[in-house]
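Below you'll find the structure, written out as C-alpha cells, and then a few comments.
The values are calculated or read from the model by the stated rules, or taken from the named source; none is laboratory data. Note that the structure is a prediction, hence the values are computed from the model and not measured. Cβ atoms come from the backbone with ideal geometry, glycine included; neighbour counts cover every protein chain shown. Ligands, DNA and RNA are stripped out before the accessible areas are found, and what is left, the full protein with its side chains, is counted by its heavy atoms. Shrake-Rupley method; radii C 1.70, N 1.55, O 1.52, S 1.80 Å.
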Amino acid sequence: MTQPASSKTIIVGGGIIGCSTAYHLAAMGHEVLLLEKAALTSGSTWHAAGLVGQLRSNANITQLLGYSIDLYDRLEAETGLATGWKMNGGLRLACNEERWTEVKRQATTAHSFGLDMQLLNPKEAQDLWPLMEIGDVVGAAFLPTDGQASPSDITQALAKGARAKGAKILENTPVTQILTDKGQISGVRTPHGDIQCEKLVLCCGQWTRELAKTIGVTVPLVSVEHQYMITEPFDVPSNLPTLRDPDRLTYYKEEVGGLVMGGYEPNGIPWATDGIPDPFDFQLLDSNYDHFGQLIELSLPRVPKLETVGVKELINGPESFTPDGNFILGEAPEMSNVFIGAGFNAFGIASGGGAGMALAEWVANGQPPYDLWAVDIRRFGRPHTDTEWVKARTLEAYGKHYTMAWPSEEHDSGRPCRRSPLYDTLAASGAVFGEKLGWERPNWFAEPGEEPRDIYTFERPNWHGPVGREHKAAREAAVLFDQTSFAKFILKGPDAEAALQWIAANRVDRPVGSIIYTQMLNNAGGIECDLTCVRTGYDSYYIVTGTGFATHDFNWIARSIPEGMNAQLVDVTSSNAVLSLFGPKSRDILASVTKDDVSNLAQPFATAKEIGIAGCPVQALRITYVGELGWELHLPTEYAQTVYDALHDAGADHGLRNAGYRAIETLRLEKGYRAWSADIGPDHTPDEAGLGWAVKLRSNIPFLGREAVAAQREAGVKKLLATFTTDGDTILSGRETIYRNGTRCGWLSSGGYGHTVRKSIGMGYVRSDRVIDRDYVLSGTYELEVATERVPADVTLAPLYDPRMERVKV
C-alpha cells in the first residue's frame with residue numbers, strides 16, 4: 001500500500017492496543033491510518049502470556065475488561081481468523097486467613113459489579129485444577145467467564161476486522177518525527193515522507209514514553225523484564241482454567257498440552273534504562289534462570305510435576321509497567337488531539353478489546369464512554385516527569401503485583417518527594433505520612449508510646465484509635481490540618497467571570513470575597529470537577545481542588561475556557577501553604593492571633609477575608625470539609641512555620657491538636673460530604689449525587705452540561721446517592737454490595753467508621769432500571785454484603801451529623 005499524504009487520525013503502534021483502537025475507530029466510520037515500524041505484534045504483544053481476567057477494584061475497568069471478553073468471543077466468527085480465545089475460567093488461591101479475607105472481599109466486589117465469582121473449598125479447587133497440591137490452600141475463588149487467548153492471533157484478527165471496516169494499516173513504516181505547528185499536532189514523518197493528521201494516537205508500548213517526550217508529553221512508564229516458562233507437553237487438560245497463586249507470586253495457564261508458569265518477583269529488573277535498542281522487533285532478552293529461580297522454588301510445592309517435566313523455553317520479554325499498576329489512556333494534557341494508550345502492566349491482552357474501544361470513543365467524541373479516572377493520563381503530575389522517580393515507584397508496584405492489597409496501603413518508594421514547609425515539624429510531632437501525587441501528607445499522629453507507622457490489616461488498624469482521638473478533638477475542641485498539598489489555581493483576565501460562569505455549574509457572579517462551591521460538568525451532566533472558587537477581584541478567582549486532581553482539573557478548566565475569551569489559568573500550588581483550623585474552639589484560637597474581626601457577623605460562612613497573623617498576610621477561607629466551624633488559612637509558604645507556631649501557642653489552652661487526612665475521611669463521612677473519584681465523578685450527575693442545589697438551573701445563564709441536567713431533572717433519575725450505617729463491628733472499606741429488599745442494587749463508593757456516631761458508614765448509589773425518588777430509597781430494607789456475608793444496614797439521605805449545618809454556620 002502506498003503511504004497516503006494525510007489521514008484524519010493516525011495511530012502509531014501495531015500491537016493489540018493500536019489494532020483494537022483502529023478496529024473501533026473504523027467501526028465508527030472514522031478515517032484512520034495505523035503505522036507500525038516493523039510487523040504487527042512485533043513489540044511486546046507477540047510474547048505476552050495471554051491470560052484474560054476481568055475483576056479489578058474499579059467497576060468501570062472491570063466493565064472494560066468484560067467488553068474485551070465479549071469482543072474476543074465473537075471476533076473469530078466475524079473475521080474468520082482464529083484467536084485462541086478459550087473461556088476456561090480463572091482460579092485464584094488463598095493460602096492463609098488474611099488472603100482468604102482478601103479473596104472474600106474480592107468476591108463481594110465481583111458480585112457488586114455483576115460477576116459470578118464463586119468461592120470454593122480446597123478440594124473443589126483441586127477438582128478444577130488437578131495438577132496442584134492443596135495442603136496449604138485455605139480456599140479459592142473461581143470466575144467462570146475468565147479465560148486465555150493467543151495475543152498474536154487476536155491482534156491479527158483485530159487488524160483484519162479494522163481493514164474490513166476501512167482502516168489502512170502500513171507495516172515497516174516507522175515514525176521518525178512527530179510534526180507540530182504552533183504547539184498543535186499536524187502530522188508525522190516517516191522514511192517515506194510526511195503524513196498530515198488532525199489527531200494522533202500513540203499506542204507504541206514501551207516506545208511510547210520517548211516518542212511522546214519529543215513533543216513535551218509525559219508518559220510515565222518503565223520497561224521491566226518479565227519472564228515465564230513454557231513446559232514440554234504432559235498430562236495437562238486442554239480446558240484447564242488459568243490459575244493465579246498470589247501467595248506464591250505465580251500464575252499458570254495451559255499451553256499446547258503443557259503449562260505456562262510465570263510470576264511477579266519482588267525484585268524486578270528494569271530494562272533499557274538508557275533507551276531501547278534499535279532494532280528490537282520480535283526479539284527477546286537472554287533467559288535469566290538465576291533470577292527466575294525464586295519463582296520456580298515457589299511453584300514446585302504447588303505443581304510437583306514441574307520438577308520432572310521438560311522446559312521448552314524460558315521467555316524473557318520486556319513489558320511496560322506504570323507507577324500505580326494501571327494502564328494509561330486518554331488525551332495528553334500537554335497537547336490537544338494527542339492521545340495515549342500504553343503501559344499495560346502485562347495485562348494488555350485482557351485490556352486490549354476494551355481499552356481500544358474506550359480510546360476510540362475518546363478520540364472520536366472528545367471524552368471516554370464512561371468514567372476512566374483510574375487509567376486517565378491526567379492522574380499523573382509533577383513527580384512523573386522524572387524517569388528515576390517513575391522507575392523506583394514502578395518497580396515497587398511490579399513487586400506488589402501479587403502481594404496483599406491492604407486497605408489504605410501506602411507506597412514506600414520515591415519518598416519523600418514534595419514536602420510542606422512543616423514536614424520536619426510534623427514528623428517530630430509524631431506524624432505518620434501518606435503520599436499523594438508526590439506530596440508527603442500527615443495521615444495520623446502517634447503519641448509517645450505508640451508506634452508511628454501503619455500496620456496493615458483487614459481488621460481495625462493500629463491508627464483507628466489515634467484517628468478517633470483526632471476526630472473527637474475536631475468535634476469537641478479544635479484541630480489543625482496541614483493541607484498545603486491542595487492544588488491551587490488563579491483564573492484571571494477581563495473575561496474571568498464569563499469563562500468561569502460557563503465552566504461552573506453554580507453561579508460565580510458573586511461579590512468579591514465570596515466562596516463558591518461548585519461542580520464542573522461535561523456535556524452529559526457528569527461531574528468532571530468538584531472544587532471551590534474564591535472571588536478575589538472583579539477579574540480574578542482563586543480555585544482550590546484536591547491534591548490528586550491537580551493535572552486533571554487544571555486541564556479541564558483550561559480547555560473549557562470558550563475560544564476568544566481573555567482569561568488565563570495559572571497553577572500557584574507551590575506558592576501557598578494551607579493550614580486548616582476546624583472545631584468549635586477554632587474561632588477563639590483564630591481571634592487570639594489576629595486583630596481582624598473573625599466573628600460570624602464580620603465573616604459569615606462561605607466568605608473569604610484577608611487577615612494578618614504574626615506578620616503574615618493570610619487569606620482566611622471560611623469553609624469546611626469536616627462539618628465544623630473553621631477556616632482554611634492560605635498563606636505564602638515562607639510564613640507557614642510562623643503561623644503554625646502562633647496557632648499552636650494560642651490553641652494550647654483550647655485543646656488544639658494536629659490531625660491528619662484519615663481523620664478528615666471519618667469526619668466527612670459523618671457529614672455526608674462527597675469525594676470526587678469515589679462518590680462523584682463523570683458518571684454521576686448533581687441530581688443523582690444530591691448536589692442539585694449547587695446548580696444554577698433556575699437562572700437563564702448558560703453553562704456546560706446545562707441541557708443534560710435540565711433533561712434529567714424533567715425525566716427523573718435512576719440512581720441516588722445514599723448513606724448506609726451498620727454496627728461498629730462491621731468493617732466497611734468500599735465496594736461492598738448493596739441489597740434493597742433482597743435484590744442487588746449497587747455498591748458502596750466509600751466506606752469507613754464514624755467515631756462520633758459510633759457506627760460503620762458507607763456511601764453508595766441505590767440504582768434501579770426505572771425512575772426513583774427519595775421515597776423509593778427510604779422505603780427499602782437494606783443489607784450490605786461484606787466479604788460475602790450479608791449484614792443489615794440503615795439508610796439515610798441526610799447527613800448523619802449536624803444535618804441543619806448549625807455547627808458550621810455559627
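Per-peptide packing, taken as the mean over residues of other Cβ atoms within 10 Å, places 170-179, 765-774, 52-61 in the sequence 52-61, 170-179, 765-774 from highest down. Note on Lys168: aspartates and glutamates with a C-alpha under 15 Å away, same-chain residues under 8 apart excluded, are Glu31, Glu36.
Only alpha carbons enter this Debye calculation for the range 301-442, each as an equal point scatterer, and the log10 of I(q)/I(0) it gives at q = 0.10, 0.11, 0.13, 0.16 Å⁻¹ is -0.50, -0.58, -0.76, -0.99. Projecting the alpha carbon convex hull of the range 296-380 along each direction and taking the average yields 7.9 nm². Each principal axis of the Cα atoms in the range 192-320 has its own extent, and those three values, largest first, are 56, 30, 25 angstrom. A DSSP coil position with no more than 10 other Cβ atoms inside 10 Å describes none of the GluC sites (Glu not before Pro) in the range 272-375. Tell me, what is the FRET efficiency for Ala427 and Asp571 to the nearest 0.05, using R0 = 30 angstrom and their Cβ-Cβ distance as r? Efficiency at R0 = 30 Å is approximately 0.65. Put simply, when 422-428, 438-444, 200-206 are sorted by average Cβ atoms within 10 angstrom per residue, most first, you get 200-206, 438-444, 422-428.
Only protein heavy atoms count here; under a 1.4 Å probe, Met28 has an accessible surface of about 80 Å². Surface composition of the chain: carbon and sulfur atoms hold 48% of the protein heavy-atom accessible area at a 1.4 Å probe. Under the criterion of Cα pairs below 8 Å and six or more residues apart, the relative contact order for the range 597-708 equals 15 percent. Restricting the calculation to Cα atoms, the chain shows an Rg/Rh of 0.97 when the hydrodynamic-style radius is the Kirkwood one. How tilted is helix 151-164 with respect to the longest principal axis of the chain? Cα atoms for both, answer in degrees (0 to 90, nearest 10). Between the helix axis and the principal axis of the chain, the angle is about 80 degrees. Loop-located trypsin sites (Lys or Arg not before Pro) across the range 584-622 with a Cβ neighbour count of 15 or fewer within 10 Å are Lys595, with loop assigned by DSSP.
In loop segments of the range 202-298 as defined by DSSP, the chymotrypsin sites (Phe, Trp or Tyr not before Pro) with at most 14 further C-beta atoms inside 10 Å of their C-beta are Phe234, Phe282. Apply the Kirkwood formula to the range 32-117: the hydrodynamic radius equals the inverse of the mean of 1/r over all pairs of different alpha-carbon atoms; give it in Å with one decimal. Taking every pair of different Cα atoms in the range 32-117, averaging 1/r and inverting gives 15.7 Å.
Its Cα gyration tensor gives the range 756-804 an equivalent ellipsoid; the semi-axes, largest first and in whole Å, are 20, 18, 8. List, in the order given, every pair from Lys472/Lys718; Lys86/Lys719; Lys8/Lys37; Lys436/Lys759 whose Cα-Cα distance in the structure shown is over 26 Å. In this structure, Lys472/Lys718; Lys86/Lys719; Lys436/Lys759 exceed 26 Å between Cα atoms. For the range 674-810, relative contact order (Cα pairs under 8 Å, six or more residues apart, normalised by length) works out to 24 percent. DSSP beta bridges fully contained in the chain are about 85 percent antiparallel. In the chain, Cα pairs under 8 Å separated by at least six residues give a relative contact order of 12 percent. Annotation: peptides 68-74, 30-36, 534-540, ranked by per-residue average of other Cβ atoms within 10 Å with the highest first, follow the order 30-36, 68-74, 534-540. Per residue, the accessible area of the chain comes to 37 Å² when a 1.4 Å probe rolls over the protein heavy atoms.
Compute the angle between helix 640-651 and the longest alpha-carbon principal axis of the chain, please, reported from 0 to 90 degrees and rounded to the nearest 10. Orientation of helix 640-651: about 50 degrees from the principal axis.
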